[in-house]
Structures are given as structure tokens and as C-alpha cells.
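The values are calculated or read from the model by the stated rules, or taken from the named source; none is laboratory data. Everything quoted here is computed from the prediction, not taken from an experiment. As a convention, Cβ positions derive from the backbone with ideal geometry for all residues, glycine included, and neighbour counts pool all protein chains shown.
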Amino acid sequence: MKILITGGSGLVGRQLTKSLQAQNIEVTWLSRTKGVKDGIKSFLWDYKKGYIEEEAFDGVTHIVHLAGAGVFDKRWTKSYKKEIFDSRILTTKLLVEKALKLNGLEAFISGSAIGIYGNSMNSVPLTETALYGNDYLAQVTKEWEAATVPLENSSIRLAIIRTGIVLSEHGGALPAMINPIKAYIGSPLASGEQIISWIHIDDLCRIFSKAITDDAIKGTYNGVAPEPVTNKVLTQTAAAILHKPLVMPNVPSFALNILLGKEKAASVVEGIAVSAEKISATGFTFTYPYIKKALSDLL
Ligand SMILES: NC(=O)c1ccc[n+]([C@@H]2O[C@H](COP(=O)([O-])OP(=O)(O)OC[C@H]3O[C@@H](n4cnc5c(N)ncnc54)[C@H](OP(=O)(O)O)[C@@H]3O)[C@@H](O)[C@H]2O)c1
């Protein structure tokens, strides 16, 4: 097996790379910058020019597509929203086009996000057959997945992982939440009742790893832990593990609207409950099914 990961230098990609290497699986990256990073060979691509270094695909049996501009990295200006969109949809289209011409490619594993379901205060966890949302992130994610459709009529196995909020000590949502708690200014966001469908980064990498190595994994799977929690429970659990009191009132919605912009704030204020049933039914077992166990490991 030889795995080519796009966005391999990111939060999930780095950890997935380590976990695959630990299984003696060869990994290379497709990146906007060329060279050897952390001992991993990075091939160059530029989706805006439709360019991918030809050698990038030499001997590749599996592509894992994780690249995309950080959704929460910057304010959602018109141009940044275009970058979030293009860096997922145009990259996928380009990769799929190349993938269909390759010999020896066995599987294409695409990242996706639970944002496809939109936001809702409904606490019944959504399965993979649930209706899609209509907000900006749902539209991006729908198009992201739609760009993989040409693979469905090919011999290349397609698996799509709709990732939830990834909990890692190295980046993403968790440091943003715990740094204020450590500074005694942490508190739940908005009502605190919005559901967070989270996943420990180790479990997510194990899901991607299973999607690579298990030929039975085809189609779409939610990549979330089986126990979604409210924002309040998440915040309180983190504070308890850190032995810090929560002294501040909840951050009001209007402040989040000002801070993040109304459209982006909606995904923080509302959340979404998502089900892990389908991936569990494949025999996958979570090392961190519960939030207390996950946060105790990470904090
Ligand atoms: N982290 C989460 O909580 C979460 C939740 C749901 C879904 N996801 C999705 O899962 C994927 C991986 O997540 P992650 O947290 O590992 O992401 P990340 O840390 O932001 O890394 C993504 C990688 O994508 C590449 N990239 C960044 N901006 C780009 C652009 N404008 N054009 C093309 N490539 C670009 C970069 O690789 P190079 O610099 O090497 O090119 C970067 O390392 C992403 O698509 C993300 O949307 C993540």
C-alpha cells in the first residue's frame, strides 16, 4: 500500500500519517509547498492552475483527501468564503479527474464534514441518510461530496468521512475552548444547550485508517463519537478535568455574532447532533466513546 494524503500537513493529516507509518504503511503528501516535511515527501499541486506533479501518483494505491482552507481560521469575507469553497471543491474535481486515469488506484477516501447537515437544536442524532442543511457550510460540503460522484461509476472504492468537531491538544476547537478556562474566563457559548458532535483525533485517524485498509468501507460515514454532548457539558467537563472553576456567565449570542460574524456564529450557537451508528456497525470500536475519557486523555 502507498497512501497519498492531501492536506497531510494539517491537524488530522499529521496524526493520520503517524498512525499509518506505525502500521508500516508508506505515506506521501500532496501539498501547496514541495519538499520533505517531518521526514515525509511532499509533492506539489496547485489546484488553481490544475497542476499536480506527475510523480505524486507513482505507485499510489490510496488517496486520502483532507486539504481545504481552515473554516474557522479567518473571518468569512466573500473572498475567504470562496477560498473555503474552491480549496475543497476544485481540489476534489482535479483529484478525481486524475484518479480516474490512474492504474492501480484502489481507493479514494475523501474528507467531508457534519456541516452537511446544517445546524439544529434537535437532539436526535442524525444518520447519514438525513436531509442536508441549507446554510453556507452545508452548501460547501454538499458540493465537496458531489465532486466525488464520478468515482461511483469506476472500479475505485470511494469512502467519505463526515468529520465532527475534532478534539486534539495540537489545534482546532479544543485549545480555543480550554485556554480561556485556564485563564478563568471560560464559559459555555450562547445557551450552552447546542449539541457538539465531537471525536477524539485518535479515533478519527483510526476511522480513516479502517477506511483505507478495509475494502468493505464504501460510501458515507459520520466520523463522530457515539456520545454527542451539549456545549455546556463539554465546557464543564473540561473545566472539571483542569480543576478550574467556571465563574463567567455564558458568552451571549450577540457577542458571538459581533466576534465571528452572524453567519459563522450560527454554527457555534446552534450545533448539530450526529450519529456514530453506521461506523460502529462495521465493527469499529471507539477508544474514546465518552467525553470524559476523551478530555481526560487530551488535557
Ligand atoms: N478539524 C476539525 O475539527 C474538522 C471538522 C470537520 C471537518 N474537517 C475537515 O477535515 C479536513 C482536515 O482537517 P484539519 O483540521 O486537519 O485541517 P487543517 O489543519 O486546517 O489542514 C488542512 C490542510 O489543507 C491544506 N490547505 C490549507 N489551506 C488550503 C488552501 N487554501 N488550498 C489548498 N489546500 C489548503 C494545508 O496543507 P498544505 O499546506 O500542505 O497544502 C493544510 O495543512 C479539512 O478539510 C477540514 O475541513 C475538520
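Scan ILE84, ILE89 and give me the residue that is in a helix (DSSP H, G or I), under 30 Å from ASN257 (Cα atoms), more than 10 Å from the ligand (Cβ to nearest atom) and in contact with a helix residue (DSSP H, G or I) (Cβ under 9 Å, 6 or more places away or on another chain).
ILE89
Hey, can you tell me all the residues within the stretch 269-299 that are closer than 13 Å to GLY223 by Cβ, aromatic (Phe, Trp, Tyr) and surrounded by fewer than 21 Cβ atoms within 10 Å (Cβ to Cβ)?
PHE284
Determine the pairs where a residue that is more than 30 Å from GLU55 (Cα to Cα) and of a type in the set (Phe, Trp, Tyr), located within the stretch 100-129, has a partner that is part of a strand (DSSP E or B) and within 16 Å of the ligand (Cβ to nearest atom) with Cβ atoms under 7 Å apart, the partner being 6 or more residues away or on another chain.
TYR117/LEU126; TYR117/VAL274
Does at least one position in the stretch 250-264 carry a residue that is hydroxyl-bearing (Ser, Thr, Tyr) and either under 26 Å from GLY118 (Cα atoms) or assigned to a loop (DSSP other than H, G, I, E, B) (or both)?
Looking for residues that are hydroxyl-bearing (Ser, Thr, Tyr) and either under 26 Å from GLY118 (Cα atoms) or assigned to a loop (DSSP other than H, G, I, E, B) (or both), one finds at least one in the stretch 250-264, hence yes.
Could you check, for the stretch 18-37, whether at least one of its residues is in a loop (DSSP other than H, G, I, E, B) and of a type in the set (Asp, Glu)?
no
Just to verify a result, which residue in the stretch 57-81, among those that are without any contact (Cβ under 8 Å) to a residue 12 or more places away in the chain, not in a loop (DSSP other than H, G, I, E, B) and not aromatic (Phe, Trp, Tyr), is farthest from the ligand (Cβ to nearest atom)?
Per the stated criteria, the residue is LYS78.
Given the conditions (1) over 18 Å from the mean Cα position of the chain (by Cα); (2) modelled with pLDDT of 95 or more; (3) more than 30 Å from ILE258 (Cβ to Cβ), and given that VAL124 satisfies all but one, which numbered condition is not satisfied?
Evaluating VAL124 over (1) over 18 Å from the mean Cα position of the chain (by Cα); (2) modelled with pLDDT of 95 or more; (3) more than 30 Å from ILE258 (Cβ to Cβ) leaves (2) as the failure.
If we scan the stretch 121-137, do we find a residue that is within 14 Å of the ligand (Cβ to nearest atom) and part of a strand (DSSP E or B)?
No, the stretch 121-137 contains no residue that is within 14 Å of the ligand (Cβ to nearest atom) and part of a strand (DSSP E or B).
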